[in-house]
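Single-structure report; data block below.
The values are calculated or read from the model by the stated rules, or taken from the named source; none is laboratory data. Note that this is a predicted model, so its numbers are computed, not measured. No Cβ is skipped: glycine too gets one built from the backbone with ideal geometry, and neighbour counts run over all protein chains shown.
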Amino acid sequence: MSLNYDSLSALTRDKFLPVLVDNIFNSNPIALKLLKNSEKLSGGKKIITPLEYGTNGAQGFYNGYDVLDTTPSDPITAAEWNWKQAFSSITISGEEELKNNGDSQVLSLLKAKMKNAEKSLKDLFGSKLFANSTPGANDITSLIGTGTVASIDARDADSSADGVQKAAGSFGPIIEDLGSDNTVNHAPGAVDNAIISYSRTLGGINSSSAGNYWWNARVGSFSTVAGIASNAAAATFDELVDVADGTAAMVKKMTQMYGALTIDNDQPDMIITTQVIYDAYESSLQANKRFEGDAELADAGFQTLRFKGATLVVDSHVPDGMMIFLNTNYLDFKTHSKRNFTFENFMKPINQDARTAKIFWMGQLVCTNPRMQGVIVGGPSSY
């Protein structure tokens, strides 16, 4: 058959697009966990997410005719998130049209084009989620980026021990001193629009401003375990799995971070890391402790293990040396109901010998509690 673009558009929308979207959802752990089940919104200039950051002071026990406190309090604020848009083009040139005039050739060509669009969108979402840099003006919110440390001492003024959560000072949730080495620790400080960062603006809230320190994420480093000098060098694979007092060095650091992110039964449910660090953790486990992780992730082909109440999984987009702790109860994709990987029919540009169709997405990754998210940096990048 010749290329009937109305028929091709219908075929793409009905047959190929559902497969593409499903494969994007299964392309990385965050997409499977959050993007697949994103909340659909119908519009709005911005995405508004209410935030509960305090308690209502007008409450308490009382007796008989006690006067009840009715003082107004507003423990609720809101974060504002800009809509972000993504697209992928499917283009068939005039030359390709002339060379593919049989039914099977047309279908093979279209299938190849859709596979390319699928790969492009997978890479786009995966790379932007773990930006390893400051997100661009048009990019979605990233989970993490690489910024600066600026010799931040996250310890209490009266404490000389690393690992003590700072009770006062400008960076609250950071759990230890990272020093000033930005290369070894890849410290995610001062990265605007990155969730796991500190001293930055996220959702319109500047976490370095007085009273906003609760909007920082938590950061620790593998390079401070097992007697490794802080920031002198990234921890090696062997140093992470080294067992002292019956516990691998990396497990001690993971336990510290997990505890810092746990309040009663509110705790991390997903840990994402590199293949090297995943293998180090697996090597550190005794045979009777090799618990499997999330069944849905495992069914989608991801390697999974268990650490306390969280599933540990590999994502190839995670920057070297990082182990990212997430509480997905506070993470969510918001998607516009009319731009949820929607397909626009093939059209012919006026200045090209080609036909082009497009796939559109519009939405944003939002977080309502960054301090329940964390990262351990300074891990090995090789075995």
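A few notes on this one:
- Meets criteria (surrounded by fewer than 20 Cβ atoms within 10 Å (Cβ to Cβ) and touching a helix residue (DSSP H, G or I) at 6+ places or on another chain (Cβ under 8 Å)) for N345: yes
- Qualifying residues in the stretch 8-28 (those that are over 18 Å from F360 (Cβ atoms) and modelled with pLDDT of 85 or more) - the one surrounded by the most Cβ atoms within 10 Å (Cβ to Cβ): L11
- Of the strands (runs of 3 or more DSSP E) lying entirely inside the stretch 125-229, the ones with 1 or more residues being modelled with pLDDT of 55 or more and closer than 30 Å to D22 by Cα are found at 142-144, 194-196.
- Failed criterion for E344 (all others in (1) acidic (D, E); (2) closer than 21 Å to Q256 by Cα; (3) at pLDDT 90 or above hold): (2)
- The stretch 325-383 holds strands (runs of 3 or more DSSP E) entirely within its bounds, and those carrying 1 or more residues that are among the basic types (K, R) map to 331-347, 354-367.
- Residues of the stretch 303-316 classified as assigned to a loop (DSSP other than H, G, I, E, B) and surrounded by fewer than 19 Cβ atoms within 10 Å (Cβ to Cβ), total: 4
- Qualifying residue in the stretch 355-368 (condition: surrounded by fewer than 19 Cβ atoms within 10 Å (Cβ to Cβ), closer than 23 Å to T273 by Cα and at pLDDT 90 or above): yes
- Qualifying residue in the stretch 40-49 (condition: at pLDDT below 90, outside the structural domain of A194 (by TED's automatic domain parsing) and not basic (K, R)): yes
- Residue pairs whose Cβ atoms lie under 9 Å apart, separated by 6 or more positions or on different chains, with the first residue in the stretch 340-353 and under 12 Å from T91 (Cβ atoms) and the second exposed (fewer than 15 other Cβ atoms within 10 Å of the Cβ), are F346/D6; Q352/S93; Q352/G94; D353/S93; D353/G94; D353/E95.
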